[in-house]
Amino acid sequence: MYGDPTADADPSVAFGHDMPFYTRDWHFDPYHQRLTVARRGAPDAVHFDTEWGNWEVFIQEKRGEHHTHAGTLHAPDAEMAIMLAKENYARRGPCVNIWVVPEDAIAASAYEDADMFEHTTDKMYRDPAGFQGLRKKAQAGKERAGDEAAAGGNP
Amino acid sequence: MTTTTPFDLASAPAEARAALDAYVLALADDALLQGHRDSEWTGLGPILEEDIAFSSMAQDEIGHALVWYTLRAEHLGAPTPDEQAFRRDAAGWRNARLVELPRGDYATSLIRRTLFDIAKAIQYDALRHSAWPPLAVAAGKLRQEKKYHLLHNQAYVRRLGTSGADSHDRLQSALDALFPAALGLFEPTTGEAALTALGVVAPSAALSAVWLGAVRELLAQSGLSAPIATVAPDVGGRRGEHTDDLGAMLDAMQSLHRSDPEATW
């Protein structure tokens, strides 16, 4: 039978907090070191009624996997950025963790330097595809060596 | 809270059955109309990101309504969820008046959403212990989505309440205007006392006390005050007595279904 709901001895089991979940202060806590850095990097003078900063949003679909860039949004601070990122970028697919990074914390290369990334000579050896068939070649080499040994070895 | 014997619907007296149906209908109607009102902001939100977040929460609420209407259809002899939502006149609705009021400015919608979500979080939290298992299971499921709703609302109310006179005053005006109707969320449905005696639902009066405590705490952190001492609850919704706003809202919400009941999409 229901008694006084405040006397409920089973507060908020599902979330593992020791306060009833409706009286707890809900924040996206910056427990992650990177988020602390992000918060420090946020502009100090935030004016709620003027332009908000840009935040880059990264979504982690599964624990242990890479965070991948999902998009950009406007927010006055890191907590609001994560709060808004949840519905803007994590409402459809799976997500277990969000990073937000203030845009001005990102350093970028220049497009004028894009020629640096071009390959002017054959660099197939850097591509896994360049190593296709290597096992077969090794096997053939071993067999050839075996044949030569049976025929009397090298002179 | 001690557990009683499970409530067996099949052997329950007709009165208890009717009381349970009225209770679940109120849950469903509260959720659908809150969701529908909030969906009126889609495309009009104060900023793009909040437009999307608020619309998403409106969809959550419509999803909650579907859970409750389905529960009525599966266990309590009600027609399909669509028929419950689209073939009912204002007098048949059991929502609290709070959720039928016009959306107002954004402060009004945000404060309504905040007062509503705290109430529903408390109610679903308590209903997890219902002696009627289908109700306990559904409440436990919907409770989980309230976590983000609370977080979203708190983030805005705390910031807007403390960041300047204009935003503070708008929130306070919205609170003053909505508080009586918010208290109406705790108007008992017909036969509630019989259900509380069986451990099927939590007493509304007890939920209301917890709600007041939680609301006061948030408002105190936000530089706002609850006009509790000065207001009487605006009730009637649970008996089908509604404002004209509900009729106008249903005209819009049901217009497609009225014009073509067989329409699908």
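Every read-out reported here was derived from the displayed coordinates using simple, explicitly stated rules and does not represent laboratory data. Just so it is clear, the model here is predicted, and its values are computed rather than measured. Here the Cβ positions follow ideal geometry from the backbone for every residue, glycine too, while neighbour counts run over all protein chains shown.
Laid out as a table, the results:
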| item | result |
| --- | --- |
| Shape call, segment B:129-265: gyration tensor on alpha carbons, a/c limit 1.5 | oblate |
| Ranking of B:Tyr23, A:Tyr111, A:Tyr89 by count of other Cβ atoms within 10 Å, fewest first | A:Tyr111, A:Tyr89, B:Tyr23 |
| Dipole of chain B, positive end: most advanced residue of B:Leu218, B:Thr5, B:Tyr69 [Cβ charges, Cα centre] | B:Thr5 |
| Residue exposure sequence - B:Met253, A:Met80, B:Met57 - by fewest surrounding Cβ within 10 Å | B:Met253, B:Met57, A:Met80 |
| Of B:Asp234, B:Asp169, B:Asp29, the one that fluctuates the most in a GNM where chain B has Cα springs shorter than 10 Å | B:Asp169 |
| Dipole in debye (nearest 20) - segment B:127-194, about Cα centre, beta carbon charges: Lys, Arg +1; Asp, Glu -1 | 440 debye |
| Cα-centred dipole magnitude for segment B:14-258, charges only on beta-carbon of K, R (+1) and D, E (-1), debye, nearest 20 | 580 debye |
| Calculated from backbone phi, Karplus (6.51, -1.76, 1.60) coupling profile of segment A:95-112 in Hz, x at Gly/Pro | 7, 10, 7, 10, 10, 10, 10, x, 3, 6, 8, 9, 9, 10, 6, 9, 5, 4 |
| Estimated Rh, segment A:55-150: Kirkwood, alpha-carbon pairs, angstrom | 18.1 Å |
| Extreme residue, positive dipole direction of segment B:14-258, given options B:Ala136, B:Leu246, B:Gln172 (C-beta unit charges) | B:Ala136 |
| Rg/Rh (Cα only; Kirkwood hydrodynamic radius) as it applies to the protein assembly as shown | 1.16 |
| Tensor-based shape of segment B:56-168 (alpha-carbon gyration tensor, a/c under 1.5 rounded, otherwise prolate or oblate) | oblate |
| Separation between Cα centres of segment B:200-240 and segment B:127-160, rounded to whole Å | 16 Å |
| 11 Å reach of a label modelled at B:Thr264, 7 Å along Cα-to-Cβ, counting backbone N of segment B:49-86 | none |
| Most mobile of B:Ala121, B:Ala73, B:Ala155 in a GNM of chain B (Cα contacts under 10 Å) | B:Ala155 |
| Anisotropy class of chain B from Cα gyration tensor, a/c 1.5 cut | oblate |
| Helix-only mean residue ellipticity at 222 nm for chain B, each DSSP H run of n ≥ 4 adding -39500 (n - 2.57), per residue, nearest 500 | -22000 deg cm²/dmol |
| Residue order, fewest to most beta carbons within 10 Å, for B:Leu66, B:Leu20 | B:Leu66, B:Leu20 |
